[in-house]
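Below is one structure, written out as structure tokens; the observations come after it.
The values are calculated or read from the model by the stated rules, or taken from the named source; none is laboratory data. What you see is a predicted model; the values in this text were computed from it and never measured. Positions of Cβ are backbone-derived with ideal geometry, glycine not excepted, and every protein chain shown enters the neighbour counts. Surface accessibility is based on the protein's heavy atoms, side chains included, excluding ligands, DNA and RNA. Shrake-Rupley method; radii C 1.70, N 1.55, O 1.52, S 1.80 Å.
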Amino acid sequence: MASQVAAARLPRRGLRIGQQRALWAYLFLAVPLLFFAAIRVLPAVSSLYISVHEWNIISPNRPYVGLANFHTLAADPRFARAAVNTVRYVLVGIPAQMILGLGLALLLQRIVKLRGLFRALYFMPFITPIVAASWVWQWMYSQHLGPLNKILQAVGLPAQGFLRDPGQALYAVAAMVVWQYLGFQVVIFLAGLEAIPRVYYEAAEVDGATGWRLFWRITLPLLNPTLVFSIVYGTIVYLQLFTQVLNMTFQDQGGPLANTLTLVLYVYQLGFQRFKMGEAAAATAILFVVILTITLLQMKLLSKPVEY
Amino acid sequence: MKKVWAAIIIAAAVLAMPAAGIGQPRVTITYWQYFFESKVKLVDQLIAQFEAQYPGVKVAHEHFPYDAYNQKVASAVPAGAGPDVINLFYGWVPLYVDSGYLQPLPLDAFPPVQLERDYVPMIRASKLDGKYWAIPTAVRSLAMFYNADLFRTAAVVRPPVTWEEFQAGAERMTARDDRGRITTMGFGMAPSGQDHHLLREVLFRQWGAAPYSADNRRVTYATAAGAEALRWYTDLITKSKVGAIDFFPGAGGYRSAFMAGRAGMIVDGSFAIGAIRRGTRASWGVAPLPGRTVGGAPSNFGSYWVHGLTTRAVGPRREAAIQFLKFLVSEQTQRLWLDAVGELPAYKRLVDDPRLAADPAMGPFVSALPYARTTFFVDEAAQRQVLVDAVNEVVLNNKPPRQALEEAAAKEQKVLDEFWAKRKRP
């Protein structure tokens, strides 16, 4: 440290003190940048490179195959299935997470006592290790031994297949993910709600607006930046769904009959279980383009500046 | 100043130390396996013995987690590192051969005629293009584990000999609550566990459908007989309801259910003996897999891990690696392996040992070795998925077994075709 301070003080090559400080700042900023390049950018580039080659993970030969991997994926029903499922996770998960999150945040905003406790309780699933939570949920869903079916039967409803039912499995997984991210969503919405100046509500109330009108005309528009952030972030989370699916369907990952399979899980299976690294990298490239497009579209369509 | 001198002297001494070893040429070879505690411990012991026999050779033993094994090889080899002798699942051998990573076993050290005379027949799965590429120390087969306490309660007097008896016993042991949910399975079922092997190499064959053509190029189980075998298996879930998939969640859930006393019978590998011995409260036993009829042709699925020579082993390292390989598969090592790891010896002579056949846990597995067949897997994950899906199509979507099997065969044929198309390349 002493040498750095000394170096900063010494006038060198005519640099002024301000410039020297900036130089040091850039130097320090360069370290994480280099790290980011090595950890994130390089693998991404190499993955793009692998996507146009054939590689079985072992062989030193990686022949160039052009777009063959992409063609194979286009004709692969499992890949199509994974893509459709992934979109379904987004379409089910995001609205559920937004509506429940906003509802809870609005309720929490109204209470003063115990708000901190409730917030902490809702946040807990988010800090619970995903793998552990997935296994507990898998047991809760268990067709024959799980408590959920016990509850259903106690109130006179028929037992359900949940993760074993081709029609329910995806929703069963999505419910667990919503549960997991709900607390995070509530905290984000609470912060957004707190940031809306009270004066708008007071002025509107003077003008005679109440209840739903306040919500539609003031809360929702002024919450827009928070909403956009939540939707974009949430969409990326659902597009990259992996750990929960793998662990909740551990014996037949992505099953039954590929009903819970996601793109990222399929990439993992292709690359590390079936040693088709080229196809796995091609699928990753597709996922990258999809996430980029959706994110840009969402940011363009959803962010509307609001002026009052 | 004194400190500086002391440091210089120590440094000189340290630098001079390796020179003391000069005078005897030493070759260092590297052995890789995945981490399995008892195997790692045993190989450490074996290396000590080997190095005592061959003072000129040093063996570096490196092991990695199972899940990262292939990735580790993939990253080490292009960098010019990696092992001289490597431990592989037999199903990976074609992948390693085609990637140019294994060299064939030398004919003088491992004559094929001798291998085929001395070893259990399943090792032929490691013969590719007329050459042996790898060799096992130990092998595994399937058998039936049964809960003797549940047998007694359900008045099942002896382990079933036919699948018909098996089903009847399973029905008597299955317990359900008043709403029909299973609380104890008669048969702990797991298509993604060992049951896909059971279907492929045992049920299909016993019902009269050979699963693959002799040259392993064609899928042949989608016949009327094959469909009947699949129907028998899926009826256990849908009709007699003696088992359920994912009854206990998780990999090995069927085994956990058995150990917890929640499954009367399971089909599992010899590698499960250790876990079951440690974890099962009830009294239990092992019996050979039932047959279609009394005295009918038995069948079983065998699998094994092999040791191979990599292309990295050249010159003096190759000579040392061959010696080490011979040592690893020697009769003496096989005996130690059986005691320490619990895996069955690959030598016919040891298999015929009456003491082994009389072992209540090992016996039924050993008795299956003469006829146990390996599946020529070219993409195990995909081939397993195909049969798991076939079972689910019948069980969950009410597809006729014949149709489910035909779809499965078509999918698996594609996987085989892809493999063989690539193999044609010189």
Within the set of pairs 6 or more residues apart or between chains, which connect a residue that is within 20 Å of residue B:405 (Cβ to Cβ) inside the range B:228-250 to a residue that is part of a loop (DSSP other than H, G, I, E, B) and of a type in the set (Phe, Trp, Tyr) with Cβ atoms less than 6 Å apart? B:228/B:207; B:229/B:207
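I'm checking my understanding of the structure. Among residues of the range A:66-83 that are of a type in the set (A, V, I, L, M), surrounded by fewer than 17 Cβ atoms within 10 Å (Cβ to Cβ) and part of a helix (DSSP H, G or I), which one is nearest to the chain's Cα centre (by Cα)?
Of the residues in the range A:66-83, the ones of a type in the set (A, V, I, L, M) are A:67-68, A:73-75, A:80, A:82-83.
Next, only the ones that are surrounded by fewer than 17 Cβ atoms within 10 Å (Cβ to Cβ) stay: A:67-68, A:74-75, A:80.
Filter again for part of a helix (DSSP H, G or I), leaving A:68, A:74, A:80.
Details: A:68: 30, A:74: 25, A:80: 21 Å.
Ranking the candidates gives A:80 first.
Looking at B:296, B:342 in this structure, which one is on the phi > 0 side of the Ramachandran plot and open to solvent by 10 Å² or more (accessible area, probe 1.4 Å)? Show your work before the answer.
Values: B:296 fails: on the phi > 0 side of the Ramachandran plot.
Residue meeting the stated conditions: B:342.
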Within the range B:197-252, which residues are under 19 Å from residue B:382 (Cβ atoms), open to solvent by 30 Å² or more (accessible area, probe 1.4 Å) and among the aliphatic types (A, V, I, L, M)? B:251
Could you tell me whether any residue of the range A:230-246 is among the β-branched types (Val, Ile, Thr), assigned by TED's automatic domain parsing to the domain that holds residue A:141, touching a residue at least 60 places away in the same chain (Cβ under 8 Å) and open to solvent by 30 Å² or more (accessible area, probe 1.4 Å)? yes
Do any helices (runs of 4 or more DSSP H) entirely within the range A:84-162 hold 3 or more residues that are within 14 Å of another protein chain (Cβ to nearest Cβ) and surrounded by 14 or more Cβ atoms within 10 Å (Cβ to Cβ), and if so, which? A:130-141, A:147-154
Total residues in the range B:181-196, condition buried (at least 24 other Cβ atoms within 10 Å of the Cβ) and assigned to a loop (DSSP other than H, G, I, E, B): 3
Here are some residues: B:222, B:260. Which one is under 20 Å from residue B:416 (Cα atoms) and in contact (Cβ under 8 Å) with a residue 12 or more places away in the chain? B:222
Residue list for the range B:341-398, filter: touching a residue at least 40 places away in the same chain (Cβ under 8 Å), within 11 Å of chain A (Cβ to nearest Cβ) and among the charged types (D, E, K, R): B:379, B:380, B:384
Working carefully through the options A:271, A:255, find the one that is modelled with pLDDT under 95, within 13 Å of chain B (Cβ to nearest Cβ) and in a loop (DSSP other than H, G, I, E, B). A:255
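From the list B:347, B:371, which residue is buried (at least 19 other Cβ atoms within 10 Å of the Cβ) and hydroxyl-bearing (Ser, Thr, Tyr)?
Details: B:371 fails: buried (at least 19 other Cβ atoms within 10 Å of the Cβ).
Of the residues listed, the single one that is buried (at least 19 other Cβ atoms within 10 Å of the Cβ) and hydroxyl-bearing (Ser, Thr, Tyr) is B:347.
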From the list B:337, B:305, B:284, which residue is open to solvent by 60 Å² or more (accessible area, probe 1.4 Å), among the aromatic types (Phe, Trp, Tyr) and touching a strand residue (DSSP E or B) at 6+ places or on another chain (Cβ under 7 Å)? B:284
Any residue at all in the range B:398-408 that's under 24 Å from the mean Cα position of the chain (by Cα), open to solvent by 60 Å² or more (accessible area, probe 1.4 Å) and over 19 Å from residue B:138 (Cβ atoms)? no
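Take residue B:262 and tell me if it is open to solvent by 40 Å² or more (accessible area, probe 1.4 Å) and either touching a helix residue (DSSP H, G or I) at 6+ places or on another chain (Cβ under 7 Å) or within 14 Å of chain A (Cβ to nearest Cβ) (or both).
Numbers: open to solvent by 40 Å² or more (accessible area, probe 1.4 Å): yes; either touching a helix residue (DSSP H, G or I) at 6+ places or on another chain (Cβ under 7 Å) or within 14 Å of chain A (Cβ to nearest Cβ) (or both): yes.
Taking the combined requirement at face value, the residue satisfies it.
Determine, yes or no, whether residue B:29 is over 22 Å from the mean Cα position of the chain (by Cα), part of a strand (DSSP E or B), at pLDDT 90 or above and surrounded by 14 or more Cβ atoms within 10 Å (Cβ to Cβ). Please lay out each step first, then the result.
Details: over 22 Å from the mean Cα position of the chain (by Cα): yes; part of a strand (DSSP E or B): yes; at pLDDT 90 or above: yes; surrounded by 14 or more Cβ atoms within 10 Å (Cβ to Cβ): yes.
Yes.
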Taking the range B:94-131 as the region of interest, how many residues are within 11 Å of chain A (Cβ to nearest Cβ) and either closer than 22 Å to residue B:302 by Cα or open to solvent by less than 20 Å² (accessible area, probe 1.4 Å) (or both)? 7
Filter the range B:161-202 down to the residues that are facing another protein chain (nearest Cβ under 9 Å) and of a type in the set (S, T, N, Q) and list them by number. B:183, B:192
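Given the residues A:220, A:297, which is the only one that is under 30 Å from residue A:201 (Cβ atoms) and not in a loop (DSSP other than H, G, I, E, B)? Give the derivation first.
Numbers: A:297 fails: under 30 Å from residue A:201 (Cβ atoms).
Going through A:220, A:297 in turn, the sole match is A:220.
Which residue out of B:313, B:421, B:357 is under 22 Å from residue B:129 (Cα atoms) and open to solvent by 50 Å² or more (accessible area, probe 1.4 Å)?
On the way: B:313 fails: open to solvent by 50 Å² or more (accessible area, probe 1.4 Å); B:357 fails: under 22 Å from residue B:129 (Cα atoms).
The match here is B:421.
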The lone exception for residue A:239 - which of (1) within 23 Å of the chain's Cα centre (by Cα); (2) within 14 Å of chain B (Cβ to nearest Cβ) it fails: (2)
